[in-house]
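For reference, the structure discussed in these notes is given below.
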Amino acid sequence: MNFREVEKKWQNIWEKEQRFKAIDFDDKPKYYILVEFPYPSGAGLHVGHTPNQIAMDIIARKKRAQGYNVLYPIGWDAFGLPTENYAIKNGVSPVEATKRNIENFKRQIKSLGISFDWSREINTTDENYYKWTQWIFLQFFKKGLAYKATVNINWCPKCKIGLSNEESEGGVCERCGTPTIQKPKTQWMLKMSAYAEKLLQGLDETRFWENIKTMQRNWIGKSEGTLLHCSLETGDLFDIFTTCIETIYGITYFVLAPEHPLVEKLKDKIENYDEVLKYIEKTQRKTEFERTQLIKEKSGCQLKGIYAINPINGHKVPVFISDYVLANYGTGAVMAVPAHDERDYDFAKLFNLPMIEVISGGNIKERAFEKGEYLGKNCKLLNSDKFTGLTVEEAKDSLNKYLEENKLGQKIATYKMRDWVFSRQRYWGEPVPLVYCEKCGWVAIPEKDLPVTLPKVDKYHPTDDGESPLSRIDDWVNTTCPCCGGKAKRETDVMPNWAGSSWYWLRYMDPNNNKAFADFEKMKYWGKVDIYNGGGEHVTRHLLYARFWHKFLYDNGFVPFSEPFDRRVQQGIILAADGSKMSKSAGNTVDPMLYVEKYGADVARLGQMFMGDYVEAKPWREDTMKPCEKLLNRIVALKDKVQKGDYRNNKNIVALSIKDIDEDIENLKFNTAISQIMVLTTALEKAELVTDEDFKVLLKLLNPFAPHISEELWVEKGYIGRIDENWPTYDEKDLVVNIVEIAVQINSKIITRVNIDTSLEEKDIIKNVQSDEKIAKALQNKQIIKSIYVPNRIINIIVK
RNA sequence: GCUGGUGUGGCGGAAUGGCAGACGCACGGGACUUAAAAUCCCGAGGUGGCAACACCGUGUGGGUUCGACUCCCACCACCAGCACCA
């Protein structure tokens, strides 16, 4: 059989029949399978795309055969820097490059026989799509969740672009690897922090893997504690946040972030302001990366002449600034309790500051006695006025109560998760649909005028001061204010790459709607994504952004359910053959399409799924291709052995295979599912008689994995009905075998293996086993204490 | 340091607390062939032994259990993420 010809033939038939079209409002139960839509780069599909599309295709085809109305869509997340950089380099318009890349991707995906519903294809750079991205942004704007702020942003001097924290992890630009610097910039921000608690709580509604939930929880980073209102001798007020209010009597100084507004405010009163200023400048020169890397050694500077008051007892303590206190976490100020915090301890040693032990049980001469050590250990408070003698847990409660009653503080939660920097001074993104009017301020473009289309430009590179190339087009920038009709200027920033992917699963439900981003009733029908497959690298960014947008839309009545995804699963990263990371720079990338050319789509599909556990990281191996090719050839050959018969002749192995493969697919254990297909094939090859019914089951089980060859064989055999309907089932009693070989142990040591008749009673089985020659011999002169029989597995006889 | 994950043959990997190593790769032997490729058959965790067989084996050390790759405790190594988070 010529695999490649057969594959082409079936791909054409499926396309003509629109075999995989999902039907809105169909009576069948729905099942929504989502893979992260690819970024159509010039390089074509890579090994990060193909396994997940194949894996979800297996599930999609199985679910269809089981009678589900399956929605398995695909589209293109096409805005972004690589295309823009390509455009800058080659002078090709990003529109043109994107179009070409998408054509290539489509051809490649189709050649793999992935059963996407192509009638729902979407593209984030399509005006009819980004119109709604802009529309959603305007809803944020109208609710006050989009705001402009001057923030120190991570700035890539090479790309000339502001990056979010997520995009500059490790202090280098995610795209080009250049170290980022800190640069003040006015940016659009989305107030994601307002959704921190909802994003945290919502996880309980999902069935994400526990480790994914944990990663999101850690990213959101909730910590509960006390907001303490403090004051300086000067009368200036400031707040600090602490999770250890029980140590409040141990405060011997306070530390402010160098950027704290009070520092500037008090410059006339600080006796050593020159020195302070020097320290601040030193801090500012450091990027966030350096500031957090050049740690270990504490540094700081006292604000001489400035004293703060401990609100609980009025004690006067000194105030420092230090770069270990971050301006953007908590309140940018901390209380320092060197006796019970390691960082404060180090700092206090350095500056020779006093310590007050307020929790018993440690030895503060040696080191700080921290909360990790004293919590839950019944430790009691010392030197804490009327709270002395209470346990830490009691003290927390009493202190919080006392502080609240006296308006000195309150219990609050803080979150690590920051707001989302939403502006990019680039070209290839959705224009932010706002104008600035001297009179009216920032004004939204009216909905009827959406989309604000991306104008053509001559140069795609940002201006040298880092502004968007759009800012060069005067007649586009200058416009009229929709509010007062006066002169106004358009916002020239565009949205980040993540915008279009923050709602795309909703668009698939109704991709051509021009009245709304999706029809409400259709969203109700399709509901949550049942299974969402993607890469681990997106767990804390895309997945949070997407949930954030969805929850916002839900809160405003635009979508009918509060969490977008039910299950989230992720494929393991594919490594190079030697186990190292694949990367263009290392030159060890693998083009999965080569294997489609070499072996055909079905072999390439099987081979990739057979490489190992789908969810674990694993090296790419070519040596799985040949055995999969062999498997298909064996099944082709088996066809000629099949005899007429509408009954299963090989009941047991067939039933067992249905059960295993069914469960394996549900659990993403594609590698063991394929090995079971191999086992079944071998069994049928060895069987005396293989009926049509036996063979039909094999073909149906094979179909999700190797859809082309299996369907070709099905049709060649002239079988009635379609291969991809009526997923095979089995009778429980066919799983039972009468005679099985089990191991027999004496005192947990295997003595021999015997065949037993499973239909007998347990006591008879045990009795029969004792007459076995080896067992009988071993039991001589021994007293049997008890016998354990695990059906179909083992007998263990305990003797003395 | 913190968080999450992973440790099983030469390799990829299997094992609802019940015969460790399924299914493959690579390897060895054989059949077919002038030969090779392809295909098919057989073998194979390690050590010792001609063999029957014995002993040892799932990162390390303990524990629970008739029985532990699996559960519990401690530790080690590696991978990933976060990193002075108050």
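If you take the residues of region A:79-99 that are modelled with pLDDT of 90 or more and touching a Gly at 6+ places or on another chain (Cβ under 8 Å), which of them is farthest from A:Phe565 (Cα to Cα)?
Selected residue: A:Ala97.
Tally the residues that are within 11 Å of RNA strand B (Cβ to nearest atom), of a type outside the set (Phe, Trp, Tyr) and in a loop (DSSP other than H, G, I, E, B), restricting the search to region A:579-619.
Number satisfying all stated conditions: 9.
Pull out all pairs, ordered by first then second residue, where Cβ-Cβ is under 7 Å, the residues are six or more apart or on different chains, the first lies in region A:572-595 and is without any contact (Cβ under 8 Å) to a residue 40 or more places away in the chain, and the second is crowded, with 16+ Cβ neighbours inside 10 Å and part of a strand (DSSP E or B).
A:Lys581/A:Leu575
For region A:502-537, which residues satisfy the criterion of being assigned to a helix (DSSP H, G or I) and either surrounded by fewer than 19 Cβ atoms within 10 Å (Cβ to Cβ) or in contact with a strand residue (DSSP E or B) (Cβ under 7 Å, 6 or more places away or on another chain) (or both)?
Of everything in region A:502-537, those that are assigned to a helix (DSSP H, G or I) and either surrounded by fewer than 19 Cβ atoms within 10 Å (Cβ to Cβ) or in contact with a strand residue (DSSP E or B) (Cβ under 7 Å, 6 or more places away or on another chain) (or both) turn out to be A:Tyr504, A:Trp505, A:Arg507, A:Phe520, A:Glu521, A:Lys522, A:Lys524, A:Tyr525, A:Trp526, A:Gly536, A:Glu537.
With the condition kept exactly as written, say whether any residue in region A:556-568 is within 29 Å of A:Pro728 (Cβ to Cβ), basic (Lys, Arg), within 15 Å of RNA strand B (Cβ to nearest atom) and surrounded by 15 or more Cβ atoms within 10 Å (Cβ to Cβ).
The first filter runs over region A:556-568 and keeps only residues within 29 Å of A:Pro728 (Cβ to Cβ), leaving A:566-567.
Next, from what is left, pick out any that are basic (Lys, Arg): A:567.
With the extra rule that they be within 15 Å of RNA strand B (Cβ to nearest atom), the set shrinks to none.
Within region A:556-568, not a single residue is within 29 Å of A:Pro728 (Cβ to Cβ), basic (Lys, Arg), within 15 Å of RNA strand B (Cβ to nearest atom) and surrounded by 15 or more Cβ atoms within 10 Å (Cβ to Cβ).
Exactly one of (1) touching a Phe, Trp or Tyr at 6+ places or on another chain (Cβ under 6 Å); (2) of a type in the set (Phe, Trp, Tyr); (3) under 24 Å from A:His542 (Cβ atoms) is unmet by A:Tyr39. Its number?
Of (1) touching a Phe, Trp or Tyr at 6+ places or on another chain (Cβ under 6 Å); (2) of a type in the set (Phe, Trp, Tyr); (3) under 24 Å from A:His542 (Cβ atoms), only one is false for A:Tyr39: (1).
Could you list all residues from region A:219-251 that are part of a helix (DSSP H, G or I) and at pLDDT below 90? Please lay out each step first, then the result.
First, the residues of region A:219-251 that are part of a helix (DSSP H, G or I): A:219-220, A:245-250.
A:Trp219, A:Ile220, listed by residue number.
Checking A:Arg418 against (1) in a loop (DSSP other than H, G, I, E, B); (2) at pLDDT 90 or above, only one condition comes out false. Which one?
Among (1) in a loop (DSSP other than H, G, I, E, B); (2) at pLDDT 90 or above, the lone unmet condition for A:Arg418 is (2).
Regarding region A:39-59, can at least one residue be identified that is small (Gly, Ala, Ser) and outside any loop (DSSP other than H, G, I, E, B)?
Here is the first cut: in region A:39-59, the residues small (Gly, Ala, Ser) are A:41-44, A:48, A:55.
Add one more test, that the residue is outside any loop (DSSP other than H, G, I, E, B), and what stays is A:55.
Yes, region A:39-59 has at least one match.
Which of the residues that make up region A:41-78 are in contact (Cβ under 8 Å) with a residue 60 or more places away in the chain and among the basic types (Lys, Arg)?
Within region A:41-78, A:Arg61, A:Lys62, A:Arg64 qualify.
Which members of region A:688-717 meet the condition of being assigned to a helix (DSSP H, G or I) and within 16 Å of RNA strand B (Cβ to nearest atom)?
We begin by selecting, within region A:688-717, every residue assigned to a helix (DSSP H, G or I); these are A:692-702, A:707-716.
Hits for region A:688-717 are A:Leu698, A:Leu701, A:Leu702, A:Ile709.
How about region A:326-412: which helices (runs of 4 or more DSSP H) wholly inside it have at least 3 residues that are under 20 Å from A:Thr226 (Cα atoms) and more than 16 Å from RNA strand B (Cβ to nearest atom)?
On the way: elements: A:342-351, A:371-374, A:392-405.
In region A:326-412, A:392-405 are the helices (runs of 4 or more DSSP H) which contain 3 or more residues that are under 20 Å from A:Thr226 (Cα atoms) and more than 16 Å from RNA strand B (Cβ to nearest atom).
Let me confirm something: among A:Asn738, A:Asn726, which residue is on the phi > 0 side of the Ramachandran plot, within 48 Å of the chain's Cα centre (by Cα), more than 14 Å from RNA strand B (Cβ to nearest atom) and polar (S, T, N, Q)? If you could, list the steps in order and put the result at the bottom.
Numbers: A:Asn738 fails: on the phi > 0 side of the Ramachandran plot.
Result: A:Asn726 is the single residue among A:Asn738, A:Asn726 that is on the phi > 0 side of the Ramachandran plot, within 48 Å of the chain's Cα centre (by Cα), more than 14 Å from RNA strand B (Cβ to nearest atom) and polar (S, T, N, Q).
For residues in region A:383-433 being over 21 Å from A:His315 (Cα atoms) and of a type in the set (Ser, Thr, Tyr), which is farthest from the chain's Cα centre (by Cα)?
A:Thr391
Report those strands (runs of 3 or more DSSP E) wholly inside region A:428-482 carrying at least 1 residues which are over 26 Å from A:Gly91 (Cβ atoms) and polar (S, T, N, Q). Walk me through it before giving the result.
Working: elements: A:434-437, A:441-444, A:478-480.
In region A:428-482, A:478-480 are the strands (runs of 3 or more DSSP E) which contain 1 or more residues that are over 26 Å from A:Gly91 (Cβ atoms) and polar (S, T, N, Q).
Going by what's in this entry, would A:Glu685 be described as charged (D, E, K, R), under 30 Å from A:Leu631 (Cα atoms) and more than 9 Å from RNA strand B (Cβ to nearest atom)? Outline the logic, then answer.
Values: charged (D, E, K, R): yes; under 30 Å from A:Leu631 (Cα atoms): yes; more than 9 Å from RNA strand B (Cβ to nearest atom): no.
Spelling it out, it is not the case that A:Glu685 is charged (D, E, K, R), under 30 Å from A:Leu631 (Cα atoms) and more than 9 Å from RNA strand B (Cβ to nearest atom).
Quickly run through region A:647-687 and pick out the residues that are touching a strand residue (DSSP E or B) at 6+ places or on another chain (Cβ under 7 Å) and either at positive phi or part of a helix (DSSP H, G or I) (or both). Quick ask: steps written out before the conclusion?
So the first thing to find is which residues in region A:647-687 are touching a strand residue (DSSP E or B) at 6+ places or on another chain (Cβ under 7 Å), and the list is A:647-649, A:668.
Of everything in region A:647-687, just one residue is touching a strand residue (DSSP E or B) at 6+ places or on another chain (Cβ under 7 Å) and either at positive phi or part of a helix (DSSP H, G or I) (or both), namely A:Leu668.
Can you tell me which residue in region A:622-653 is farthest from the chain's Cα centre (by Cα), limited to those that are exposed (fewer than 14 other Cβ atoms within 10 Å of the Cβ) and within 7 Å of RNA strand B (Cβ to nearest atom)?
A:Lys630
Of all residues in region A:198-243, how many are under 18 Å from A:Lys407 (Cα atoms), away from RNA strand B (no atom under 12 Å from the Cβ) and either touching a residue at least 12 places away in the same chain (Cβ under 8 Å) or among the aromatic types (Phe, Trp, Tyr) (or both)?
6
Given the conditions (1) surrounded by fewer than 22 Cβ atoms within 10 Å (Cβ to Cβ); (2) under 14 Å from A:Arg120 (Cβ atoms), report the number of the one that A:His46 does not fulfil.
The single condition A:His46 does not satisfy is (2).
Please work out if A:Ile321 is farther than 20 Å from A:Cys230 by Cα, at pLDDT below 95, surrounded by 22 or more Cβ atoms within 10 Å (Cβ to Cβ) and more than 11 Å from RNA strand B (Cβ to nearest atom).
Numbers: farther than 20 Å from A:Cys230 by Cα: no; at pLDDT below 95: yes; surrounded by 22 or more Cβ atoms within 10 Å (Cβ to Cβ): yes; more than 11 Å from RNA strand B (Cβ to nearest atom): yes.
No.
The values are calculated or read from the model by the stated rules, or taken from the named source; none is laboratory data. Model, not experiment: these values are computed from the prediction. Every residue, glycine as well, gets a Cβ built from its backbone with ideal geometry; the counts of neighbours run over all protein chains shown.
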